[in-house]
Amino acid sequence: MTRTLRKVALPIGVVALGLVLLLAFAPTREAVLAFLNGAFGGRNNFNLYSTLSRFAILLGVAMSVLVSFRAGLLNIGAEGQLVLGGLTAAMIGVYLPAPPLVVTVSALLGAMVVAALWAMLAGLIERATNVPLLIGSLLLNYPAVYLASYFVSHPFRDVNSGATQSFRILREAGLPRFTGTILDYGIVLIGITALVVIVLERTSVFGYRVRMQGYSVGFARASGFPTRRLYYRTLMISGAIAGMTGFVAVFGMNQRFIDGMLTAPLYAWTGIAAVLMAAIIPWVTPITAFFFAALATGAIGMERSVGIPREVGQIIQAIIVLYLSGVAGKMLSGRDGKGR
Amino acid sequence: MEGRPTVGARVKQNETSTPAVCRLSGISKAFGATQALQDVSFEVRKGEFLALIGENGAGKSTTMGILFGLLDPDAGTVEIAGRPQAMRSARDAIAAGLGMVHQHFMLYPDLTVLENIIVGQEDTGRGGRIPLATHRARATEILRDFDFALDLDRKVADLPVDARQQVEIVKLLYRGASVVILDEPTAVLTPQESIALYRMLARLQAQGTSIVLITHKLDEVMDNADRILVMRRGKLVAERATAETNTAELAELMVGDRIEVVEKHSAAGADVVLSVANLTVQRQQGKPALRDVNFEVHAGEVFGIAGVSGNGQKELVNALVGLEGAQGAVRFAGRDILPLDVAARRALGLGYMAEDRMAMGLAQAGSVAENLIAGREGKSAFSTRGFLTKSRIRKFSRDLIDRFDIRTPSDRQTVAKLSGGNQQKIVVARELSARPQLLVVENPCWGVDVGAITFIHKQILELAATGCAVVLVSSDLEELFALSDRVGVLCDGALNAIFPRDGLDAIAVGAAMTGGREGVPA
């Protein structure tokens, strides 16, 4: 445990420094209160629920990233996988003529399968053409994001609305909300998924192999692990979790696919930052994901109440990410990149 | 050793009026707990051909790294032309007139010969343009003066290997190098090309350039060098004028005074456990890395593989273990295992101790326990229905930590925090506790402290005594001679000779390693 603490101590220090900086813009009691109220307060705890909604999506993405990174696979294609998952869920939710429960389940599975295949595609590209996974997964984000944009602005656009968005999904198929709140049950689905990932990473043979392979591919090969199978499976699990998260965003919060709903809040990139800040330790990841969710909603609250631009929060996040890229660099170095 | 002058006496005797172009005094360098260099002092004189010889790990590369500014010495000074010089980078070394031809060429294949020659020296003229005409004139002059036949406009990628090497040398001359250091320059050349290289070096020497040659190849040293320095285990152990020595003496100086054979009772039986037939490993280009290798290893036998590193040892090990494809046949446990992957071979009773503890043998970021069960994590001893059984893993790990005397605070300790010897004990414990029928071991004592060496050697011999066949690849002849029942010598991808235990002789093995065939033909 002390080893873990030491690993995360420095990032936490940086974050604390960031918060000090943040407060330096308005070193008053109001600013702190505005931040806390923005993140956790509001009428009927509205802001807390909006933090939790954001946290659910961030946690899903972070868990997806975590699975890849833990295996040493630098899959940064969570954005594309998330968007394709959301788009698939929306298409099924709008167009599948079936009872509500069937629609919900099909949308969930469809989103997971499509996103898993998208993630695997980056792996196939790496294996077949030697384009590094880092590059391939990044580049695959663009077709996914633009494809989704095209779908909801042209063929599947809700023509009755002014916004570029899909039609509403079958109303009864949407995820129910906790009574009296804006928070939907998606957070439960993602929470359970996160728990399963955290537990399996520690207790299963599969998790053990993934972890060892992440430490050293050469070691995994010399020990006789099925490295190729681990590689594809890990990527697909990673993609499936991102797809599930896309489903939650569409069937929960918005009940439709709105252009930019998954990209504008930078979920995917913040998810990567959360994983790096957690030093790729599974059980720490929900904590860092929550931190980033609170940072975002808190900053919005500060802007509303005391006029500190929310960009200040984003600047702090960007500084943290920049710092964390050093962690990513350490992860990259010492790996031969071959034989995966 | 009697009757042979000491090093000090030699130095005195060889002192001449020729000025030293560079001098190293009292250089020491340690990497962690390993003393790579200890009090090394020598000079390079103007216009001489100096050879630096020694086995792998003797400290040759470290010495050159320090001379060339790539490494900082812990103690000692480097003087260039009589002035102490703090070499901070290769740039300083180049400015001081030193040039090095690395074993792996440092060329841009997509650029032309001329562009490669002027890299780093391309003083830009007006508007940032490179005055190519001026550069071309200077380069042409050097080609003419030293009699090189190089086309300045050809792309380096299109050149054969020997011509690329010439480009490297011209590059150094272009930078005004007065000392040219070559690291194993003939490793990549055919015999004819090697002769041409040495002729060219002689021309450089005649014009006042000093040559420093780092090599294992004693014949080449005898034919070309004026003076020879021998390194062993980080120390300069001898200096000889070429005229006053011979390959036999040099070989002995390289490997040590005498190789002491520690107690070993041969356990070799009659049953053939491993049979390797016509094993060949192709490279992507060029000659095969391993050519038609044939040998058998019997139950309880330790079969040593000697050779200068890079002569096919890595490929042999990879082919045996299943990390690399190969042609031919490897029969073990009643079948040809070449089509099988690592896991299937391990399931048949193969054990493998990789020389590279950092990347292959251990997961450095993993715990001691995690490293001890690797390869057997799916077995019922450590898991049920896909889930690890922690209690059994813990008991097993603690047991091995005791039995193999692994000095660690706990089984949860991160492996990277342990010393090299203790890390290697984890590898030994893991592989030996699996009770292999065939163990492939690669340089088991690299970077391991002396106490652990004996322990590891004993463990390997005890395993052999239980009937396991052992293939031991090592660059340490002492180790090979101490443990092996027979020693095969790899040279240039071929098994050059096989020596029985009672025929082991450092000089004969050394000769076979460098291409001679004085041993018993394989």
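Check B:Val440: other-chain or 5+ apart residues with amide H under 5 Å from its amide H, H built from backbone geometry?
Amide H to amide H, under 5 Å and 5 or more residues apart or across chains, B:Val440 pairs with B:Gly351, B:Tyr352, B:Met353, B:Val471.
Given H placed on each backbone N at 1.01 Å, which residues far from B:Asp74 in sequence or on other chains put an amide H within less than 5 Å of it?
HN-HN under 5 Å from B:Asp74: B:Ser28, B:Lys29, B:Ala30.
Please report the accessible area of A:Met253 (heavy atoms, 1.4 Å probe, ligands and nucleic acids excluded) in Å², nearest 10.
Counting only protein heavy atoms, A:Met253 exposes about 60 Å² to solvent.
Need one value for B:349-356: mean number of C-beta atoms belonging to other chains within 10 Å of its residues' C-beta atoms.
On the way: counts 0, 1, 0, 3, 1, 5, 0, 4.
Across B:349-356, the average partner-chain Cβ count within 10 Å equals 2.
Give me the Debye-computed log₁₀ of I(q)/I(0) at q = 0.14, 0.19 Å⁻¹ for the range B:377-441, equal point scatterers on Cα only, no solvent, two decimals.
Evaluating at q = 0.14, 0.19 Å⁻¹ gives log10 I(q)/I(0) of -0.46, -0.81.
Rounded, prolate or oblate for the range B:105-155? Axes are the square roots of the Cα gyration tensor eigenvalues, ordered a ≥ b ≥ c, and the cut-off for rounded is a/c under 1.5. Before the final figure, lay out each step's value.
Values: a/c = 2.16, a/b = 1.29, b/c = 1.68.
The shape class here is oblate.
Tell me the total accessible area that A and B bury against each other, 1.4 angstrom probe, in square angstrom rounded to 100. Write down the numbers at each step before the final one.
On the way: alone 15510 and 24110 Å², together 37670 Å².
About 1900 Å² of accessible surface is lost on pairing.
Quick check on my link table: of B:Lys235/B:Lys287; B:Lys217/B:Lys287; B:Lys417/B:Lys458, which ones sit more than 27 Å apart, alpha carbon to alpha carbon? It would help to have the intermediate numbers written out before the result.
Values: B:Lys235/B:Lys287 36 Å; B:Lys217/B:Lys287 20 Å; B:Lys417/B:Lys458 25 Å.
Too far apart for the 27 Å limit: B:Lys235/B:Lys287.
Relative to the Cα centre, what is the charge dipole magnitude of the range A:2-332, using +1 at the beta carbon of each Lys and Arg, -1 at the beta carbon of each Asp and Glu, and rounding to the nearest 20 debye?
Roughly 860 debye, rounded to the nearest 20.
With only Lys, Arg, Asp and Glu charged, each at its Cβ (+1 for the first two, -1 for the last two), find how big the charge dipole of the protein assembly as shown is about the Cα centre; round to the nearest 20 debye. Provide the component values of the computation, followed by the final result.
Values: 85 positive and 75 negative charges, 700 e Å.
Here the size comes out at about 3360 debye.
Show that you can apply the helix-only estimate: for chain B, add -39,500 (n - 2.57) for every DSSP H stretch of four or more residues, divide by all residues, and state [θ] at 222 nm to the nearest 500.
Working: 17 runs with 168 residues, N = 522.
Only helices count here, giving -9500 deg cm²/dmol.
Give me the dipole magnitude in Debye, nearest 20, for chain B about the Cα centre, with unit charges on the beta carbon: positive for Lys and Arg, negative for Asp and Glu. If you can, show how the numbers build up before the last one.
Working: 59 positive and 64 negative charges, 343 e Å.
The calculated dipole for chain B is roughly 1640 debye.
Roughly how far apart, in whole Å, are the Cα centres of the range B:74-127 and the range B:174-208?
17
Tell me the net charge near B:Val297. Cut-off is 14 Å between Cβ atoms, B:Val297 excluded, with +1 for each Lys or Arg and -1 for each Asp or Glu. Show your work: numbers first, answer last.
Details: positive: B:Arg331, B:Arg486, B:Arg501; negative: B:Asp271, B:Glu296, B:Glu301, B:Asp485.
With Lys, Arg at +1 and Asp, Glu at -1, the neighbours total -1.
With the Cα gyration tensor of chain B giving a ≥ b ≥ c as the square roots of its eigenvalues, does the rule (a/c under 1.5 for rounded; else a/b larger than b/c for prolate; else oblate) give rounded, prolate or oblate? Write down the numbers at each step before the final one.
On the way: a/c = 1.82, a/b = 1.70, b/c = 1.07.
Prolate, since a/c reaches 1.5 and a/b exceeds b/c.
Say we join alpha carbon atoms closer than 10 Å with springs in a Gaussian network model of chain A; which of A:Gly239, A:Gly271, A:Gly38 then has the biggest fluctuation?
A:Gly38
Once you average over the residues of B:365-376, how many Cβ atoms of partner chains fall within 10 Å of each Cβ? Intermediate results must be reported in sequence, preceding the final value.
Numbers: counts 7, 7, 1, 0, 0, 4, 4, 0, 4, 9, 6, 2.
So the per-residue partner count for this stretch is 4.
May I ask you to list the trypsin sites (Lys or Arg not before Pro) in the range B:124-158 that are in a DSSP loop and have at most 11 other Cβ atoms within 10 Å of their Cβ? Provide the component values of the computation, followed by the final result.
Numbers: sites: B:Arg126, B:Arg129, B:Arg136, B:Arg138, B:Arg144, B:Arg154, B:Lys155; in loops: B:Arg129, B:Arg154.
Within the range B:124-158, the qualifying trypsin sites (Lys or Arg not before Pro) (loop, at most 11 other Cβ atoms within 10 Å) are B:Arg129.
For chain B, what does the relative contact order come out to in percent, with C-alpha contacts under 8 Å and a separation of six or more?
Working: 990 pairs, mean separation 75.2, N = 522.
Contact order relative to length: 14 percent.
Run the numbers for B:Asp72 and B:Asp341: contour at 0.36 nm per residue of separation, minus the present Cα-Cα distance, in nm.
In short, 92.5 nm is gained.
First obtain the Kirkwood hydrodynamic radius of the protein assembly as shown from its Cα pairs, then insert it into the Stokes-Einstein equation at 20 °C and 1.002 mPa s, and state the resulting D in µm² per second as a whole number. Working shown, then result.
Working: Rh = 31.3 Å.
In µm²/s, the coefficient rounds to 68.
Give the separation of the Cα centroids, the range B:433-484 to the range A:137-181, in Å.
Comparing the Cα centres of the range B:433-484 and the range A:137-181, I get a distance of 64 Å.
What nm value, rounded to one decimal, do you get for the distance between B:Asp153 and A:Leu139 when each label is placed 7 Å out toward the C-beta?
About 3.5 nm separates the two model spin labels.
Output the relative contact order of the range B:266-365, whole-number percent, from Cα pairs under 8 angstrom with separation of 6+ residues.
Numbers: 146 pairs, mean separation 25.9, N = 100.
It rounds to 26 percent for the range B:266-365.
Along the charge dipole of the range A:2-332, which of A:Tyr215, A:Ala148, A:Gln165 sits closest to the positive end, that is, farthest toward it, with unit charges on the beta carbon of Lys, Arg, Asp and Glu (+1, +1, -1, -1)?
A:Tyr215
Using only helices, what value at 222 nm comes out for chain A when you add -39,500 (n - 2.57) per DSSP H run of length 4 or more and divide by the total residues, to the nearest 500 deg cm²/dmol? Mind dumping the intermediate values first?
Working: 14 runs with 241 residues, N = 340.
Calculated mean residue ellipticity at 222 nm is -24000 deg cm²/dmol.
Out of the total accessible area of chain B (probe 1.4 Å, heavy atoms of protein only), what percent is carbon and sulfur?
Values: 11500 of 23150 Å².
Answer for chain B is 50 percent, counting heavy atoms of protein chains only.
Considering Cα pairs under 8 angstrom that are at least six residues apart, work out the relative contact order of the range A:2-332 and quote it in whole percent.
Values: 552 pairs, mean separation 112.0, N = 331.
Dividing the mean separation by the residue count of the range A:2-332 yields 34 percent.
Set the bar at 25 Å for Cα to Cα. Now go through B:Lys29/B:Lys314; B:Lys379/B:Lys425; B:Lys390/B:Lys425; B:Lys60/B:Lys171 and name every pair that lies beyond it. Please list the in-between numbers first.
Working: B:Lys29/B:Lys314 28 Å; B:Lys379/B:Lys425 22 Å; B:Lys390/B:Lys425 22 Å; B:Lys60/B:Lys171 23 Å.
Result: B:Lys29/B:Lys314 exceed 25 Å.
Once amide H atoms are placed 1.01 Å from N in the peptide plane, what residues at a sequence separation of 5 or more from B:Leu182, or on another chain, have their amide H within under 5 Å of its amide H?
When sequence neighbours closer than 5 places are left aside, the close amide H contacts are B:Val101, B:Val212, B:Leu213, B:Ile214.
The values are calculated or read from the model by the stated rules, or taken from the named source; none is laboratory data. Computed from a predicted model, the values in this text were never measured in an experiment. With ideal geometry, Cβ positions are generated from the backbone for all residues, glycine too; neighbour counts draw on all protein chains shown. Side chains are part of the model used for accessible areas, which takes the heavy atoms of the whole protein and leaves out ligands, DNA and RNA. Shrake-Rupley method; radii C 1.70, N 1.55, O 1.52, S 1.80 Å.
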